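The values are calculated or read from the model by the stated rules, or taken from the named source; none is laboratory data. The model shown is predicted, which means the values in this text are computed figures rather than measured ones. Cβ placement follows ideal geometry from the backbone for every residue including glycine, while neighbour counts extend to all protein chains displayed. Note: accessible area is taken over every heavy atom of the protein model, side chains too, but ligands, DNA and RNA are not part of it. Shrake-Rupley method; radii C 1.70, N 1.55, O 1.52, S 1.80 Å.
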Amino acid sequence: SDPPSRGASLGERPSAAGLGSAFWGKAQPETGSLHKTHPLIAHSLDVAAVATLLPRHHAPFIPSRTLGFLVALHDIGKFSRGFQAMAPEHWPNGVLGPLPESGVPVGPRHDAMGLHLLRDDLARALDPVLPDRVEGRWAWDPGTRDKLLRALAGHHGRPPSLPTRPGPDLLSHRCIEVASAFIADMKTIFAPPALPRLDDHASDRLAWHLAGLTTLADWIGSRQAWFPYTDAQAVADPAAYFWDHAMPRAAAALAAAGLIGARPSRFMGIRR
């Protein structure tokens with residue numbers, strides 16, 4: 001399957017980079033780290049780069065560009081007040097306003113919040129990639145699409161669940177706005193083709209594969225030795241960050257982890 005095109009560019013249109021880069025994705029720097037946090041956009045692209053480079057010889061068919069786009073959304077639930085309040089010193093004041101003195105209520109985990117965003121508030125943004133109808137027939141109907149979204153969001157070992165809809169104290173309109181712009185940026189970078197209609201068996205296989213691959217890619221993409229923390233300026237142009245930083249580091253990380261294919265030796269004859 002075709003990799004993302006290097007020609008992808010955000011151009012002059014508004015993007016999530018300006019606002020989204022204020023949201024942290026990682027905030028547990030190792031000793032000696034130059035930065036206290038790693039932007040959420042950077043971490044998302046780190047993990048997407050790993051996913052697109054992982055060998056997938058026996059995987060159900062999914063274009064690399066579509067895979068990269070979907071995996072980039074795995075932590076979209078971190079664009080929430082509930083998650084950002086977990087590191088008060090890094091609260092994105094410029095986007096969400098001052099952190100309330102009383103704090104933010106403890107809410108759902110970010111994986112459950114991400115499932116909510118992808119399944120409800122931002123569901124229509126996924127229509128070009130997971131179309132509900134093709135030529136008048138059901139394709140990715142809500143039940144079939146839900147399998148993939150639960151697998152994608154459930155990158156911590158189990159499908160998440162969200163018993164109640166989060167309120168604005170946990171997921172404000174501003175959070176949803178930035179998350180929507182983030183999806184638009186990922187569409188521009190990856191230009192993901194729509195996934196073809198799959199039967200129930202094939203969609204089940206794809207969901208299981210996506211769950212495992214996203215978990216592995218997230219584990220690799222979270223290791224600071226391979227993906228050191230950076231600052232918001234590094235993701236001012238997310239497309240440039242993906243190609244110039246995330247992809248080279250992902251290739252090196254997979255080699256260090258022993259997860260790339262070995263080069264076969266040249267045939268030297270039967271006796272040899």
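Data overview
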item: Qualifying residue in the stretch 180-196 (condition: modelled with pLDDT under 90, buried (at least 20 other Cβ atoms within 10 Å of the Cβ) and more than 23 Å from M113 (Cβ to Cβ)); result: yes
item: Single residue of T52, T37 found to be over 14 Å from the mean Cα position of the chain (by Cα) and buried (at least 22 other Cβ atoms within 10 Å of the Cβ); result: T37
item: The stretch 89-105, residues that are out of contact with any Pro (no Cβ under 8 Å at 6 or more places or on another chain), open to solvent by 30 Å² or more (accessible area, probe 1.4 Å) and either at pLDDT 85 or above or under 22 Å from D231 (Cα atoms) (or both); result: E89, H90, N93, G94, P98, P100
item: Qualifying position, being without any contact (Cβ under 8 Å) to a residue 60 or more places away in the chain and on the phi > 0 side of the Ramachandran plot, among G143, G157; result: G157
item: Pair list, Cβ under 7 Å, 6 or more apart: the stretch 241-256 residue closer than 11 Å to L53 by Cα and in contact (Cβ under 8 Å) with a residue 12 or more places away in the chain, other residue open to solvent by 50 Å² or more (accessible area, probe 1.4 Å) and among the aliphatic types (A, V, I, L, M); result: A250/L53; A251/L53; L254/L53; L254/I260
item: Test: residue in the stretch 207-222 that is loosely packed, with under 15 Cβ neighbours inside 10 Å, in a helix (DSSP H, G or I), out of contact with any strand residue (DSSP E or B) (no Cβ under 7 Å at 6 or more places or on another chain) and in contact (Cβ under 8 Å) with a residue 24 or more places away in the chain; result: yes
item: Subset of the stretch 106-131 that is at pLDDT 85 or above and assigned to a loop (DSSP other than H, G, I, E, B) - its residue that is most open to solvent (accessible area, probe 1.4 Å); result: R109
item: Test for A59: is it hydrophobic (A, V, I, L, M, F, W, C) and at pLDDT below 95; result: yes
item: Subset of the stretch 132-173 (residues that are out of contact with any Ser or Thr (no Cβ under 8 Å at 6 or more places or on another chain), surrounded by 20 or more Cβ atoms within 10 Å (Cβ to Cβ) and more than 18 Å from G107 (Cα to Cα)); result: W140, R145, L149, R150
